[in-house]
Each structure stands twice: as structure tokens, then as C-alpha cells.
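Colleague: I am attaching a structure below and will ask some questions about it afterwards.
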Amino acid sequence: MEKSPENKANKRREFIRSTARLTLAIGIGGVSGLALSKSTKEEWVWQIDPFECTQCGRCAEECVLTPSAVKCVHAFDLCGYCDLCGGYFKPGVIDLHTGAENQLCPTAAIKRDFIEEPFFEYTIDEDLCIGCGKCVKGCSAFGNGSLHLQIRHDLCLNCNQCTIARLCPSDAITRAPASKPYNFKGDFTKS
Amino acid sequence: MNIQEKQKTTWRIAVIAGIFSAIVSIIMILNYWQLQRSEPLENELLANLVEQLRKDTSNEELKEDIRRLDLMVRKAYFTKQWQIRAGAFILIGGVVILVISLRMYQSYSDKLEEPGSEDRHLGRELMAAQKWIMYSVISIFGLALIAAYLSNDKLAEPYSLASLEDTAEDPEVEEIAIRTSDDAEQITTESESIEEPNEARPLTEQQEEGSEQVTGETSAAESEQEPETVPETAIAESKTGSLNYSKQFPSFRGPYGLGLSNHKNIPVDWDGATGRNILWKAEIPLHGYNSPAIWGDRLFLTGADATSQFIYCYNRNNGEVIWEHPVNDVARNTSEVPRVTDDTGYAAPTVATDGVNVCAIYATGDVVCVDREGKRKWARNLGMPDNHYGHSSSLLIYKGILLIQFDTNKQGKVLGLDVSTGETKWETPRNSKISWASPILADMGGRTELILSTSPQVAGYNPLTGEELWSIDCLMGEVGPSPGFSEGIVYATNEYAVLAAIKPGQQPEILWETNEYLPEVASPVVDDGLLFIGTSYGVIVCYDASNGELLWEFECDDGIYASPMIADNKVFFLDMGGKMHIFKKDRTMTLLGEPELGEGSVSTPSFSDGRIYIRGYNFLYCIGI
Amino acid sequence: MKNNRIAIITFFSGLLISVVSFAQQRFPRPDFESDYLVPSPLAPEPRWASMEILDVVILLIVLVLTSWLAIKKRSRRGILYLSVFALIYFGFYRNGCICSIGGIQNVTLTLFNPAYAISLTALLFFVLPLIFALFMGRVFCASACPLGAIQELVILKPISIPSPVRKVLGLIPYLYLGLSILYAATNTDFIICRYDPFIGIFRMDASFEMLILGGSFLLLGMFVARPYCRFLCPYGVLLNWMSSFSKWHLSITPSECVDCKLCAHSCPVDAINKPVIEPVSNRKDINKFILSILILPVLVLIGGYIGSKSHIYLSRANTTVSLAELMITQPELKNDPDHIDVQTFLASGKTMETLLEEAAVIRSQFYYGGWILGGFLGLAFGLIFMGKTIYRNRKDYEPDKGNCVSCGRCMDYCPVGKPDFDEIMKQIK
């Protein structure tokens, strides 16, 4: 019985299968060991480097979310609190009135509050903001550049490959450690 | 309920759910298309109304209209968004019901297959599988191969020439280029362009000819077409000997700062007093001893006095100022004004350009970079150079790095700045004394080295990292002349020191030395085994570059500060009185001409096809036939 | 001249050309006299900051449960419920992102890109299903994979696809796997994620084209079971290798097979091998087998050569390379103010030379990657061919371990051991 050809064939087959399994196990072990030696406990999130951003407008259009998870963020400590705000008013504005004819933001997401003569505070209503970056462009061109675009992580789905990162013409969107998920202007300076 | 009834009910549910889902998806698709097409936030009507209001600012009614329309537009946008989201949920619900009911329907009607006699031989099936696998592998590989042969490597294409000709021949493109960049210019000179109805010519030339031009209208337009259109692609050729880069005159003493220019048809006869062969002459608002740098149709130079600093961009075809850029707002750590002597001034260093960026440095230590249109990219102060005459070392740009030799009384160093951001890419301290020489780039067979001359050492650096590659001590005193370079040999010199031919390398060695005639300011220029030197006491000398043998000498009335240039097989020496001494580049002396500029000059002439550009003390001259 | 300058300045400001300022303040920060406090921007935490660990735990639980259900409990129903759960949790709730299939690319990127380090959870997501497949079969496909689950649930009336067609379509995943690794290694793109047909459905938001693609896959999936899993999924290739040699794969029947063929008809993915009786020593077959071994290295070389030849068009997917090519072939684009990529490049001040150098580096990566990719495909195709020249005689219906996704339908259909077995036997007879 033990020496029957069928049994032999079975034994041989079992041996081949075990060897193959061992090889595959070593394969997985090798690859994952290599990866493990480099791995981090930290998760990655996507974030915009505001100094690289050129406000091309793709963030508003290409994010997998509608409206985009990219929102305008205001670094108040950089703001000049100008009356004539390049981020709030259309270029060549007629009078500094908050009417729709003067506002640059297509969704009226910027709130303008009087603080004291001659200063005004500008805050972003992120529910309305679509991340088009028009105000950022205006603020960078005429003001201190305190308005800037950031990915909002309460909205971001943290896709494995961020669509806007791939399409960003200035490669401003990169992976950031989840412990430091924002590059706010002011705290974040270009190294 | 028996099975058949159940089956019927589930079928009905399925049909209803199916129709419902189909309708929802059709509505959603329509909604999506509408949103895609109309883009409510980019409403044109709204933009038009705002435009109207700008003309009629007091129209309150119009204002109200705009506000109403704006509100509507935003409402529409957010409602659409909400509709899509709600639709998605409804659709998913519909599909879930559809799938469940269909599956239930299916399970009620499941019939078991009749067990037939099945073929237990694999033979035929295996054969077929083998065949099909073979065919498809062959076709996958075949397709890949065909695709590989059909796709040619565009990166390897001789893009410089191809793109150059393409755009130059196409007046359409040229016109767009001008529209986007020089829109303002076009408006101001539109009337003039109508006066000259020459249709074959692109718009630029028409405008330019309309303005002040001394002579030579036609040649100006024809020979200068190409570079203007392709500066961006042209920068790609910053490699040695590459055609387009060397067509430009991007820095002090030409490409790589070697004193060599590839341009041909250089005039040897002119007269500043009578205007003979002077195409145009333009006054430079602010003084400076720097020389013009040229890229395409634009010529860049700087000027400065104790209170202000400027970069000027001239149209090199007619001498018109295209833009001027003030550099007075750079934050410095001191409010002092540097002390400079009259023969060095506040703006001695020549600018460097790569076609996209124009960088300048001043005696104040301010470094500034603007784009072709004069728009500031960045500016920073390197710290006031401690320099008793004034900082005079010119700039070079290599592979996106701005190279600065910064040897002062305090400290010597060499820096590489990122030309697009101004960040310091590298900085290498040098154990050197102060110098006034400018850096050069040398092609050492495969790698490019940055070579600096100072007291006491001559040293080579990697221009990308700043790493010092070699160094040899051979000079002394206050080094003014920049090094010369030809065929792997560096030639360094200074008055009261030595003229040395150095073979660079791990162990640099001095091949020969001489001290017969040495320059004080003008840099040596070397080509085809001949080395030329112009001294501050007015002697022009030609050495054999291989052994230092003196081949010939020539004495002029004035001293020479401007560095000699070699172009078109001729050597050009400009003396301080403004007389150009032109010799054949030869082992024996042949004087080809001694034309006068009519104004003193210490600036090194710049060349382009058929032209010489010389900055005198006050005026900028374009010489050509 | 003066006029010109002013005109140009106004023109530029009109165009709103931005000067990115490096913390340079044009307007000083005001000194407020009132007691206004300067607020700081809100920084909401990442949405799933702590959930990643939970995800791994849930994955592990689902895999263990499925293995138990498939091998010990033999419950199709349990597996089905688990897959519904996976679809809802990993699919609709977690929006399909963190996923083992995409994990291939993260692992690759870690190995090839020194700047990227994979997060531990992503690595576990990649490794766990493979380890389970090596011992229990493709239990991941059965219930943990949301992509598999959504296709599993829409299977209505699966048709059996002839073996040769299946084999040919089965070559695609190898190609997809190779390409996705090539593109991830060169840091070009994550094509698996980008062309995931179902992710748009999970997120209920995607580009129109991708939603249509997902919908069509589901429609197709009603009649061709699991089209993505079988004919596209690159992770399926790895799982297939593991599962082929799995130690305790599910068995169709709990004891003796009665040759009723019910299971073969129940399997939606044609992963049940029927009994075979062939004459043992067929000279021709043996010759073919030997031949296929011999041509294996040749195939690897041919594949490598073709792959290396293909590097030019393969590298066009890279944005740097395509931009460089664009600048060369269409230099007039620099005058197109609406071409964002070209304009941004021009404004960046990066020289064309630097761009070309970068592109050349990526090109050369693609060249060597092309050799490896081609060689891999040659080897894989050769081995698949070789697999078709050998066979083994079988008495019973057995699962095709490599392709079986452990959905458990066959166990459900197998009459052996069921209480009403006798009755069914009677029916059959």
C-alpha cells in the first residue's frame, strides 16, 4: 500500500505544494519585511503647500468631492485687515460696499466684519467655499497673502491617490503626516 | 401566498424598481449635463452686468439687478448640488430594491439542471486553451511592439531647432505671443503700425519701426525674428556649444563668461561722431559700468546711484526701453550706503539671464530676479559687501542656479541661489581675500566647473553643489581680471602677479608662467591656442597659449579696462577712450580697424548676429551695417 | 517710454498675476485699539484619524469569520451576510479607501521611493488577505473586499464562459498588475485607484465617466459573475498564486462526492474542475510540456525586450515626461494662457533644461522598468501556457483553488450531508 504508485504521486504532489507554499510565504514575508522596515505608524494625509500653490482653480473642479475638500483658510495673523481687500473685492472695485457687484467670491463665502477704523476682519464660511482660489489669487497679488488654500480633513476622503495632487500643475499637494495635517501660512514657513 | 404568487410579486417589484431607477438615473444624467454645460458660477450675464456697472457707476437699478441675479445663480448652484446628492441616495435605494427583488424572483424560479453525460476528457479544451493563449500572448506582445515602433522619442528630438523654425515661420503664433505679453505696448503704438502696411511682417516689427530708429530699418526686422519667439525653449540649450544658448549673450563676456561669441558678420567699421553704422543710440538713465546681456530681442543692463537701483530692458532692435524695474525696496540689515569709488560705481556687475529670468546684483549686496517682462520674482540682500571700491563680480546662471562670487574684505564665499525662488541652494566659504573678478564656467570634458580667480587662489567648483574640486595658489594683490579658459586649461592673471596657465585636476599644476605684460582690469581671452591680454597702460598682447611665448604686441593711446572679446575670428579691444582695436585672431598681428565710438567706455562689448552693443559712459550704442 | 511702463503695470495687475510672497508683508499687522483678538484658523482633525486601527481589526475579524464559515461551518448564508457587511462598512461607510487592492501600489512606492514610507495599517491591509489566502483560500474575495461584495450581490444569472476565453481574459490581470507596479514604482500614478470602477459608487460622487463605467460593470456582473475580480483585479493575481497552494481550502462536499454536478452549475465563476480521465502517458503532451519549459527563458527575454522598447509610450503617463514632450512638440502652447500646466511651468522659472533632465531620468526608470515588466509578463504568460499542457486525472468535482473566491455557493448546493439528501437523490434519478 505504502509503495503504490498513486501514493507516491500523492506524496510527491504534497511535497511540491508545501515547497511552493513555503516559497510564497517567504515571498510575502520578504516584501512585507522590506516594507515594514520602512513603514511608519503614522498615517498620511494630503495637504497643499501654500507657497507652491498657483491658484489654478483645479482644486475646485477635480477633487472627487463636490464641492471640493479644498477650502480657503485665513491666516489672520498675517492679514492686514485692509478696507480695500484684494481677496474680497473684485479688481477695480467701484465702491467698498459688500454688494454682489463688488464681491470677488462667486459663492459669497467671505464674511466682512468691521472691527475698528480702518480695519475689517474677513472670515471664510467653509460651507459655501468651493475652493476656487479666486480670493487667494487676489490676496496674494494685492495683499499679504494671508488667504490660502488648504485641504480640510474633516471633509477629505484621504484617497490613496489624491486626484488633485496628480493634476496639480505646480506639484503643491503632497503627503503630510497625519500628526501635522495642515500647512497654515504663518506657522508653516518654507524650508 | 404560494411560490408562483411570490414570484409574480417579486417580479412586479423588480419591474417597478427598475423603471424607477432608470428614471432617476436619466434625470440625474440630465441634471449633471446641465450643470456641466452652464456652470452657474461662471455666469456670463452677471459678468457683463458688472462690466456695464463699471461704466455707469451710479446706476442703482443695475446694482439691484446684479444682486438679484447673483443670489439666483448661487441658489441654483447649491440647489443643483443638493439635488445630485439626494438623487444619488434615491438611486442607490432603487437599485438595492431592484437587486433584492430580482434575486428573490430568481430563487423562486431556480431550476436544477438535468445531469447530462459530460465529457470527461480535457484534450480538446486544453488544445483550444493552448492555442488561444498563444494567439493572445503573441498579439499582446505584437501590439506592444508595434506601439513601441510607432512612438518615437520626442524627448530626443532636436527640439531647439525644430521649435525655433516652427514658431519663427508662423506669424500667427508670433502675434499671439505679443498680444499676451506686450498687450499694453500694442495699444500705445497701434496707430503707427497702421501707417506701415507691410503685411508680411509680424506685428512686433511694425510697432518697433514706428519709433525712434537711426538707420537700417529693414535688416533690423528681418534678421531678428527667431529669438524673440522662443526664449522659453531656448533656455533648454544651456549646454556648452549648444546652438541656441551660444546664440545669446546671456552674461558678462558672453556665454559662460569666456569672452567668446559665435556670432558672425561683425562690423569692423563705424564712427560714433558721424553716426556711420550706428543703428541706434540710447541714453541710459542711471550710470553703471556693467555690460549689456542679450536674450532674443531684449537687452538687459543695470544702473544705480547712491539712492536708487534699476534694471533696464531695451528692445535691441530700436533701443526703446521695454521696461525698467526699480530695486529700492529690498530689506537690508543696515541703512548704510556702501562706499564706492567713481571708477567702480554702484552697478558694476553685469546681469545674467536665461531667457526667463533676469538677475542683477548691486554694490549694496541686493540681488534681484525679475522675469522677461520685468515682473519681480524675488529679491534679497546678501549683506553689504565690505568692498573698498564697490562690488563688481558679475553673475552667471547655470541649470537654474544663480552663481555669485562674493569675495569681500571680511570673508570670501561663493553662492548658488535657486533662480526661481532666490533660496540659497548652496554656499561655500572660501579662504580668500577680496577680489573683483567674475566667475566663468568651463566645460571640463563632460562636467562643467565654476572657476573663480582671487587672491591667492584659483579654484574650481561644482556649480550644482558648490563643492570645491580643486584649488591652487598663484595670484596676489587685488585681483580684477576673471580667468580665461580654453581646451581644458585655465588661464589666471593679475597685474603685479603673474599670468599662469593651470591644468586643473586633483593636483592642479602650473604649465607655464610669465609676467611680461599683465592686465589690471580686463580679463584674458583665449581661443585656438592664442591668449590675448589688454593692459591698463594700453598694451595689447598676444601670447601662445601653449607655452606663454609672446607672439605680438601693440600699443594704443588709452588704457584698456573693457575685457577683450573674440567673435567672427576677430579680437576686439575697446580702450577707455572709446576706440575699438580690431585684430585678426592670428599668430601674427593684423589690425583690421580702429573705429571710434565717440564716447569713453570701460564696458565689455556684447555681440549678436551682425551687431555690436557697447555701453559708453552715458549712452548705449548698437553698431551694425 | 514712461507711458509704456505704466500701461504694462496696469495690464499685469489687471491679469491678477500673483507674486507669491515669502511671508513678506505688504501691509503691516494692525495694532488694534479695541479688545479684538486675532483668531487663528480652525484645524479640524483628519476624519479617520483613529479609525485606521479599527479598520484593520475589522478586516481581521471578517477574514477569520469567513475562514471559519467557509471551512468549518460551511455556511453560504453567513458568508453572504458578511459580504453585505463589508460592502456597507468598507464600501459605503469608509468610502472604499483603504483597500488591499490599492495596497499593492503603496507597498511598491515604499520599496522604490525613498521619500515615502507606507503606514502600518496600509501594509497590514496588503499582507493579511495574502496570508489568509495562503492557508484558507481567497476568503478575502468572498466577503472582505467591498469590490467583490458589490459584484457578488448583483450576480443574477451567470453564464458559463468557455475555458479558452476565460484563460485569455485571465491574462489581463497580469498586465494590469505589471503596469500598476511600474507606474507606482516610478511615482507616476496609482492606476488601480484611478480606474477603480466602483469607488465612485461607494462615494456617491465621481466623474461621470467613472460612474458610467461602474454602472456597466454592475450590469455586466448580473450575467458574467464578478467581471472585475476575474478579468481585471491585479490583487486577484497575487491571491490566485497564494490560494493555489493553500493548505486548508474549502471543499465542495463534506465527505464523498456523488458526482451530481450540482456544484459545477452553481459556481458563478467557473472555478470548479470537473472529473478528468485521460490516458496517462501521452507522448505529445509531455513533449509540449518540455517545450514550454524550454521556451520560458526565451519568452522572458522577448517580453523584456518588448517591454524596454515600450518604455517611450509607457512613460507618457508621467506628467513630467508628457509636459516635456508637449513643450517640445507644441512650443506654441506657451502662448496659450488657458493651458494651465504649460503656463505654470513657465511661471515657475524652472528651466526647460531641468525639465528635460527630470524627464530623462524618469524615462530611464521606465526603460529598466519596461525590461522587468516585459520579463515578468513573459514569465507569467509562459507559465500559464505551461499550466495548460499538464493536467491531472481527477475522480471528483473539485474547486479550482486559484480561481475559487470561496463564496460558498457550491457547498450550499452540494446535497451530501443534507437531511433531505435521499429525497433529492430520488429526484435526480
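Colleague: Please state which one of B:Thr428, B:Thr408, B:Thr424 is surrounded by fewer than 17 Cβ atoms within 10 Å (Cβ to Cβ) and either hydrophobic (A, V, I, L, M, F, W, C) or over 15 Å from B:Ala352 (Cβ atoms) (or both).
Modeller: Going through B:Thr428, B:Thr408, B:Thr424 in turn, the sole match is B:Thr424.
Colleague: Scan the stretch B:329-343 for residues that are of a type in the set (A, V, I, L, M, F, W, C) and surrounded by fewer than 10 Cβ atoms within 10 Å (Cβ to Cβ) and jot them down.
Modeller: B:Ala331
Colleague: Inside the stretch B:334-373, can you point out the residues that are in contact (Cβ under 8 Å) with a residue 40 or more places away in the chain and not in a loop (DSSP other than H, G, I, E, B)?
Modeller: If the condition is that a residue be in contact (Cβ under 8 Å) with a residue 40 or more places away in the chain and not in a loop (DSSP other than H, G, I, E, B), then B:Ala352, B:Thr353, B:Asn357, B:Val358, B:Cys359, B:Ala360, B:Ile361, B:Asp366, B:Val367, B:Val368, B:Cys369, B:Val370 are the ones that fit.
Colleague: So, of the residues in the stretch B:482-512 that are more than 15 Å from B:Met444 (Cβ to Cβ) and in contact with a Cys (Cβ under 8 Å, 6 or more places away or on another chain), which turns out to be surrounded by the most Cβ atoms within 10 Å (Cβ to Cβ)?
Modeller: The residue in question is B:Ala492.
Colleague: Of the numbered conditions (1) farther than 21 Å from C:Ile79 by Cβ; (2) over 17 Å from the mean Cα position of the chain (by Cα); (3) within 14 Å of chain B (Cβ to nearest Cβ); (4) open to solvent by 30 Å² or more (accessible area, probe 1.4 Å), C:Phe245 fails exactly one; give the number of that condition.
Modeller: (3) is the only condition that C:Phe245 fails.
Colleague: Test A:Leu96 against the criterion of being open to solvent by 40 Å² or more (accessible area, probe 1.4 Å), aliphatic (A, V, I, L, M), within 9 Å of chain C (Cβ to nearest Cβ) and in contact with a strand residue (DSSP E or B) (Cβ under 9 Å, 6 or more places away or on another chain), and give yes or no. Even if it seems obvious, please write down each step before you answer.
Modeller: Numbers: open to solvent by 40 Å² or more (accessible area, probe 1.4 Å): yes; aliphatic (A, V, I, L, M): yes; within 9 Å of chain C (Cβ to nearest Cβ): no; in contact with a strand residue (DSSP E or B) (Cβ under 9 Å, 6 or more places away or on another chain): yes.
Taking the combined requirement at face value, the residue does not satisfy it.
Residues checked against (1) at pLDDT 80 or above; (2) aromatic (Phe, Trp, Tyr); (3) open to solvent by 80 Å² or more (accessible area, probe 1.4 Å); (4) in the same structural domain as C:Gly378 (by TED's automatic domain parsing):
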{"position": "C:Cys260", "(1), (2), (3), (4)": "no, no, no, no"}
{"position": "C:Ala264", "(1), (2), (3), (4)": "yes, no, no, no"}
{"position": "C:Cys267", "(1), (2), (3), (4)": "yes, no, no, no"}
{"position": "C:Asn273", "(1), (2), (3), (4)": "yes, no, no, no"}
{"position": "C:Glu278", "(1), (2), (3), (4)": "no, no, no, no"}
{"position": "C:Lys288", "(1), (2), (3), (4)": "yes, no, no, yes"}
{"position": "C:Ile293", "(1), (2), (3), (4)": "yes, no, no, yes"}
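Colleague: Filter the stretch C:358-394 for residues that are within 8 Å of chain B (Cβ to nearest Cβ) and open to solvent by 40 Å² or more (accessible area, probe 1.4 Å) and give the result.
Modeller: C:Ala360, C:Tyr391
Colleague: Same structure, new question: On the given criteria, is C:Asp412 closer than 21 Å to C:Ser246 by Cβ, within 13 Å of chain B (Cβ to nearest Cβ), assigned to a helix (DSSP H, G or I) and open to solvent by 30 Å² or more (accessible area, probe 1.4 Å)? Outline the logic, then answer.
Modeller: Working: closer than 21 Å to C:Ser246 by Cβ: yes; within 13 Å of chain B (Cβ to nearest Cβ): yes; assigned to a helix (DSSP H, G or I): yes; open to solvent by 30 Å² or more (accessible area, probe 1.4 Å): yes.
For C:Asp412, the condition - closer than 21 Å to C:Ser246 by Cβ, within 13 Å of chain B (Cβ to nearest Cβ), assigned to a helix (DSSP H, G or I) and open to solvent by 30 Å² or more (accessible area, probe 1.4 Å) - is met.
Colleague: Out of curiosity, is B:Asn48 more than 10 Å from every other protein chain (Cβ to nearest Cβ) and under 49 Å from the mean Cα position of the chain (by Cα)? Can you show your working first?
Modeller: Details: more than 10 Å from every other protein chain (Cβ to nearest Cβ): yes; under 49 Å from the mean Cα position of the chain (by Cα): yes.
Yes, satisfied.
Colleague: Can you tell me which residue among C:Ala324, C:Ala347 is open to solvent by 50 Å² or more (accessible area, probe 1.4 Å), within 9 Å of another protein chain (Cβ to nearest Cβ), of a type outside the set (Ser, Thr, Tyr) and assigned to a helix (DSSP H, G or I)?
Modeller: That would be C:Ala347, the only listed residue that is open to solvent by 50 Å² or more (accessible area, probe 1.4 Å), within 9 Å of another protein chain (Cβ to nearest Cβ), of a type outside the set (Ser, Thr, Tyr) and assigned to a helix (DSSP H, G or I).
Colleague: Right, next: May I ask you to list the residues in the stretch A:42-73 that are farther than 17 Å from A:Cys162 by Cα, facing chain C (nearest Cβ under 7 Å) and open to solvent by less than 10 Å² (accessible area, probe 1.4 Å)?
Modeller: A:Val73
Colleague: Is the stretch B:41-61 home to any residue that is surrounded by 16 or more Cβ atoms within 10 Å (Cβ to Cβ) and touching a Ser or Thr at 6+ places or on another chain (Cβ under 9 Å)?
Modeller: To start, the set of residues in the stretch B:41-61 that are surrounded by 16 or more Cβ atoms within 10 Å (Cβ to Cβ) comprises B:41, B:43, B:46, B:49-50, B:53.
If we keep only those that are touching a Ser or Thr at 6+ places or on another chain (Cβ under 9 Å) too, we end up with B:41.
Yes, there is a match, as at least one residue in the stretch B:41-61 is surrounded by 16 or more Cβ atoms within 10 Å (Cβ to Cβ) and touching a Ser or Thr at 6+ places or on another chain (Cβ under 9 Å).
Colleague: Are any residues in the stretch C:157-188 outside any helix (DSSP H, G or I) and closer than 30 Å to C:Val64 by Cβ, and if so, which ones?
Modeller: C:Pro158, C:Gly170
Colleague: From C:Ile201, C:Ile192, which residue is closer than 18 Å to C:Pro146 by Cβ, within 14 Å of chain A (Cβ to nearest Cβ), in a helix (DSSP H, G or I) and over 15 Å from the mean Cα position of the chain (by Cα)?
Modeller: Criteria check complete, one pass: C:Ile201.
Colleague: Let me spell it out: the conditions are (1) modelled with pLDDT under 90; (2) more than 7 Å from chain C (Cβ to nearest Cβ); (3) in contact with a helix residue (DSSP H, G or I) (Cβ under 8 Å, 6 or more places away or on another chain), and A:Pro177 meets all of them except one. Which number is the exception?
Modeller: Going through (1) modelled with pLDDT under 90; (2) more than 7 Å from chain C (Cβ to nearest Cβ); (3) in contact with a helix residue (DSSP H, G or I) (Cβ under 8 Å, 6 or more places away or on another chain) one by one, A:Pro177 breaks only (3).
Colleague: Name every residue in the stretch B:603-625 that is aliphatic (A, V, I, L, M) and at pLDDT below 90, in order of residue number.
Modeller: Step one: list which residues in the stretch B:603-625 are aliphatic (A, V, I, L, M), which gives B:612, B:614, B:620, B:623, B:625.
Residue satisfying the conditions is B:Ile625 alone.
Colleague: Just checking, does the stretch B:118-127 include any residue being basic (Lys, Arg), over 49 Å from the mean Cα position of the chain (by Cα), outside any helix (DSSP H, G or I) and at pLDDT below 85?
Modeller: yes
Colleague: Let me ask something additional. Could you say which residue among C:Leu156, C:Leu182, C:Leu175, C:Leu171 is more than 14 Å from chain A (Cβ to nearest Cβ), surrounded by fewer than 18 Cβ atoms within 10 Å (Cβ to Cβ) and not polar (S, T, N, Q)?
Modeller: Residue meeting the stated conditions: C:Leu156.
Colleague: Going through B:Thr604, B:Thr535 one at a time, which residue ends up being open to solvent by less than 10 Å² (accessible area, probe 1.4 Å), touching a Pro at 6+ places or on another chain (Cβ under 9 Å), closer than 22 Å to B:Cys622 by Cβ and among the β-branched types (Val, Ile, Thr)? If you could, list the steps in order and put the result at the bottom.
Modeller: Working: B:Thr535 fails: closer than 22 Å to B:Cys622 by Cβ.
The match here is B:Thr604.
Colleague: Out of (1) over 13 Å from B:Leu518 (Cβ atoms); (2) touching a residue at least 40 places away in the same chain (Cβ under 8 Å), the odd one out for B:Gly505 is which?
Modeller: Among (1) over 13 Å from B:Leu518 (Cβ atoms); (2) touching a residue at least 40 places away in the same chain (Cβ under 8 Å), B:Gly505 violates only (2).
Colleague: Test each condition in (1) part of a helix (DSSP H, G or I); (2) facing chain A (nearest Cβ under 10 Å); (3) touching a residue at least 60 places away in the same chain (Cβ under 8 Å) for C:Val107 and report the one that comes out false.
Modeller: (3)
Colleague: Can you pull out every residue in the stretch A:20-41 that is within 7 Å of another protein chain (Cβ to nearest Cβ) and under 19 Å from C:Asn240 (Cβ atoms)? Lay out the reasoning, then the answer.
Modeller: If we filter the stretch A:20-41 for residues that are within 7 Å of another protein chain (Cβ to nearest Cβ), which is where we start, we get A:20-21, A:24-25, A:28, A:31-32, A:34-36, A:38-41.
Answer for the stretch A:20-41, where residues must be within 7 Å of another protein chain (Cβ to nearest Cβ) and under 19 Å from C:Asn240 (Cβ atoms): A:Ala20, A:Arg21, A:Leu24, A:Ala25, A:Ile28, A:Val31, A:Ser32.
Colleague: Select from the stretch B:519-529 the residues that are open to solvent by 10 Å² or more (accessible area, probe 1.4 Å) and either in contact with a strand residue (DSSP E or B) (Cβ under 6 Å, 6 or more places away or on another chain) or under 25 Å from B:Asn262 (Cα atoms) (or both) and list them in ascending order.
Modeller: B:Val521, B:Asp527, B:Asp528, B:Gly529
Colleague: Sticking with this one: Kindly evaluate C:Leu147 against the criterion of being within 18 Å of A:Ser32 (Cα to Cα), assigned by TED's automatic domain parsing to the domain that holds C:Leu232 and modelled with pLDDT of 90 or more.
Modeller: So C:Leu147 does not fit the description; no.
Colleague: Among B:Arg12, B:Arg68, which is part of a helix (DSSP H, G or I), modelled with pLDDT of 85 or more, farther than 20 Å from A:Lys134 by Cα and at the interface with chain A (Cβ under 10 Å from one of its Cβ atoms)?
Modeller: Within the list B:Arg12, B:Arg68, the selection yields B:Arg68.
Colleague: Let me spell it out: the conditions are (1) at pLDDT 90 or above; (2) outside any strand (DSSP E or B), and B:Phe485 meets all of them except one. Which number is the exception?
Modeller: Tallying (1) at pLDDT 90 or above; (2) outside any strand (DSSP E or B), B:Phe485 fails exactly one: (2).
The values are calculated or read from the model by the stated rules, or taken from the named source; none is laboratory data. Note that the coordinates shown come from a computational prediction; the quantities given were computed from them, not determined experimentally. Note: ideal-geometry Cβ built from the backbone for every residue, glycine included; neighbour counts use all protein chains shown. Just the protein is used for accessible areas: all its heavy atoms, side chains included, with ligands, DNA and RNA removed. Shrake-Rupley method; radii C 1.70, N 1.55, O 1.52, S 1.80 Å.
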